[in-house]
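The values are calculated or read from the model by the stated rules, or taken from the named source; none is laboratory data. These numbers were taken from a predicted model, which means no experiment stands behind them. As a convention, Cβ positions derive from the backbone with ideal geometry for all residues, glycine included, and neighbour counts pool all protein chains shown. Protein only, heavy atoms only, side chains kept; ligands, DNA and RNA dropped before computing areas. Shrake-Rupley method; radii C 1.70, N 1.55, O 1.52, S 1.80 Å.
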Amino acid sequence: MAHEESTDLGGLDLRILGRLLGYLRPYAPWVTLTLLFIFVGSLARQAGPLLTAFAVDDHFRPGIVDGFGTLVLVYLGLLILQFALGYGETWATNMVGQWAMRDVRMEMFKHLQRLPLRFFDRTPVGRLMARNTSDVDALNELFTDGLVALVSDVVTVATILGMIFYLDVRMGILTTLCLPVSFVATVWLQRVTYGAYREARTRFASFAASLQEAISGMEVVQLFGSEERRSRSFADSNDHYLEARLLASRYHSAYFPSMEMWGGLLLALTLWYGTGQITHEQMTWGVLVAMLQYVPRFFMPLRDIAERYATVQTAMASSERIFELVDTETEATGTHRAPQQVQGRIEFRHVWFTYGDDRSDDAEWILRDVSFTIEPGQSLAVVGATGAGKSTVVSLLCRFYEVQRGNLLVDGVDVKDWDARDLRRRIGLVQQDVFLFAGTVGDNISLGDRDLSRQRIEAAARNTNADRFIRR
């Protein structure tokens, strides 16, 4: 079992964020269109209270009907514009997000196929599945909701402040004074929750690995009657993941009611201040009505910014794990290309090999100073007890693992200098354990190679005497 992954705490890493945004570079025109929708849509949404102020002061209070119908039509037009811009923004954002996620998944999958087998020996499959599913889903939320919504909320706050300053400068200053309170609360939230989100992602990887192992090894579990022990192990992983998620929820539970309280206090202060200003004829009723609409709208995006930031934090924790996988050193490959006809001379020269990291003489060497030569056309049987290194000899020949000492040569060329894929295509290997991919028998014989005709696939089945049981 691999060691538990690191959960060191950290802040918002701009380098990682910049690397994430790099996935949006191919779709820059769509991103620009989305930002345009955000800016124009924010102006359209916040024009409503301003129109209300004009309606109250220019029509309701003096009882003037002329021009009111035009104001209503403008308001209806703004509603239609908001719908169109909102639809366009959501559609473009989701399209860009899905495209970016497709690119992330493909990059991860292609990289996985280039990793050495030693990596898969030490990394549980469930953990890799978690990175390709839940961690990628977290990035999907970042691209389709987190970043765009965060930008939208910031633009909304700026637009509302601009409207408030336009209507009443003193009220704008009073509203601005509330920004430091919101900023402090948001900073506090991101500091205390970042570790919880990162821990939760790590715990989920252990949880997924435990689930995958239990399902894959169900035959062993049932054979030895260890259901209860596996259940306790799974329950431990499940509870650890639950604790990390509840910790983040606890902080959120304290943050949002406090923001609601500050919003209510500012609304009450606005009503008290506006009433006094109207009494002294320094503010109109229309401006007060508009202010009573703007103040709740002002705190809604402030409250949401913390939630969007939490989405960014979750994505940052996931992206660290994704980039850790993507940055894992791939399998070394040489440049020697095989000729059309390989002679097949195999030579082991004083080969030493161990699956461990210890390279000292006292290490658990599977092969110790092994030397032999197989000439073209010669057959060789390797016989030995389990663990003696029979399969290891074939794995080294196919360059699944690298020799630590000595040399392994094919046709006089060290396997380290061979192009790994070119070498393996010229080696026929019948494995001990059979693995079937989902699909038809033909798909498994061709391994998905669409260039192979049905005749060639059937010929391969006949040559291996598999056609008889396939036809049955």
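For the range 30-40, state whether one or more residues are surrounded by 14 or more Cβ atoms within 10 Å (Cβ to Cβ) and modelled with pLDDT under 85.
No.
For the range 361-376, which positions are without any contact (Cβ under 8 Å) to a residue 12 or more places away in the chain and not acidic (Asp, Glu)? Explain how you work it out, then say what you get.
Residues of the range 361-376 that are without any contact (Cβ under 8 Å) to a residue 12 or more places away in the chain, as a first pass: 361-364.
Within the range 361-376, ALA363 is the sole residue that qualifies.
Tally the residues that are free of Cβ contacts under 8 Å to residues at least 24 places away in the same chain and either open to solvent by 60 Å² or more (accessible area, probe 1.4 Å) or touching a strand residue (DSSP E or B) at 6+ places or on another chain (Cβ under 9 Å) (or both), restricting the search to the range 275-299.
So the count comes out to 5.
Which one of the conditions (1) open to solvent by 50 Å² or more (accessible area, probe 1.4 Å); (2) out of contact with any Leu (no Cβ under 9 Å at 6 or more places or on another chain) does ARG345 fail to meet, given that it meets all the rest?
Tallying (1) open to solvent by 50 Å² or more (accessible area, probe 1.4 Å); (2) out of contact with any Leu (no Cβ under 9 Å at 6 or more places or on another chain), ARG345 fails exactly one: (2).
When the residues of the range 227-243 are narrowed to those that are of a type in the set (Asp, Glu) and open to solvent by 90 Å² or more (accessible area, probe 1.4 Å), which ends up farthest from ALA196 (Cα to Cα)? Before the answer, list the steps.
Of all residues in the range 227-243, those of a type in the set (Asp, Glu) come to 227-228, 236, 239, 243.
Those still in the list that are open to solvent by 90 Å² or more (accessible area, probe 1.4 Å) too: 228, 243.
Details: GLU228: 30, GLU243: 9 Å.
In this case the residue turns out to be GLU228.
Only residues in the range 377-389 that are within 23 Å of VAL410 (Cβ to Cβ) count as the first member; pair them with residues that are part of a loop (DSSP other than H, G, I, E, B) and modelled with pLDDT of 85 or more, Cβ under 6 angstrom, at least 6 apart or cross-chain, and list the lot.
Pairs that qualify, where the first residue is within 23 Å of VAL410 (Cβ to Cβ) and the partner is part of a loop (DSSP other than H, G, I, E, B) and modelled with pLDDT of 85 or more, are GLY389/ILE366.
Closer than 30 Å to GLU107 by Cβ and open to solvent by less than 50 Å² (accessible area, probe 1.4 Å): which single residue out of LEU409, LEU396 fits that description? Break it down into steps so the answer makes sense when it comes.
Values: LEU409 fails: closer than 30 Å to GLU107 by Cβ.
Unique residue meeting the criteria: LEU396.
Of these, ARG308, ARG345, ARG368, which one is at pLDDT below 85 and not acidic (Asp, Glu)? Please lay out each step first, then the result.
Details: ARG345 fails: at pLDDT below 85; ARG368 fails: at pLDDT below 85.
So the residue among ARG308, ARG345, ARG368 that is at pLDDT below 85 and not acidic (Asp, Glu) is ARG308.
Given the condition in a loop (DSSP other than H, G, I, E, B), among the small types (Gly, Ala, Ser) and out of contact with any Asp or Glu (no Cβ under 8 Å at 6 or more places or on another chain), answer yes or no: does some residue in the range 52-63 qualify? It would help to see each step written out before you state the result.
Restricting attention to the range 52-63, the residues satisfying the condition of being in a loop (DSSP other than H, G, I, E, B) are 61-63.
Then keep just the ones that are among the small types (Gly, Ala, Ser); that gives 63.
Filter once more, keeping what is out of contact with any Asp or Glu (no Cβ under 8 Å at 6 or more places or on another chain): 63.
Looking for residues that are in a loop (DSSP other than H, G, I, E, B), among the small types (Gly, Ala, Ser) and out of contact with any Asp or Glu (no Cβ under 8 Å at 6 or more places or on another chain), one finds at least one in the range 52-63, hence yes.
Only one of (1) more than 19 Å from VAL148 (Cα to Cα); (2) not in a loop (DSSP other than H, G, I, E, B) is not met by ASP66, so which one is it?
The one condition ASP66 does not meet is (2).
Name the single residue, out of those in the range 439-464 being open to solvent by 100 Å² or more (accessible area, probe 1.4 Å) and closer than 26 Å to SER391 by Cβ, that is nearest to the chain's Cα centre (by Cα). Explain how you work it out, then say what you get.
We begin by selecting, within the range 439-464, every residue open to solvent by 100 Å² or more (accessible area, probe 1.4 Å); these are 447, 450-451, 454-456, 462-463.
Then drop every residue that is not closer than 26 Å to SER391 by Cβ, which leaves 447, 463.
On the way: LEU447: 29, ASN463: 45 Å.
Among residues in the range 439-464 that are open to solvent by 100 Å² or more (accessible area, probe 1.4 Å) and closer than 26 Å to SER391 by Cβ, the one nearest to the chain's Cα centre (by Cα) is LEU447.
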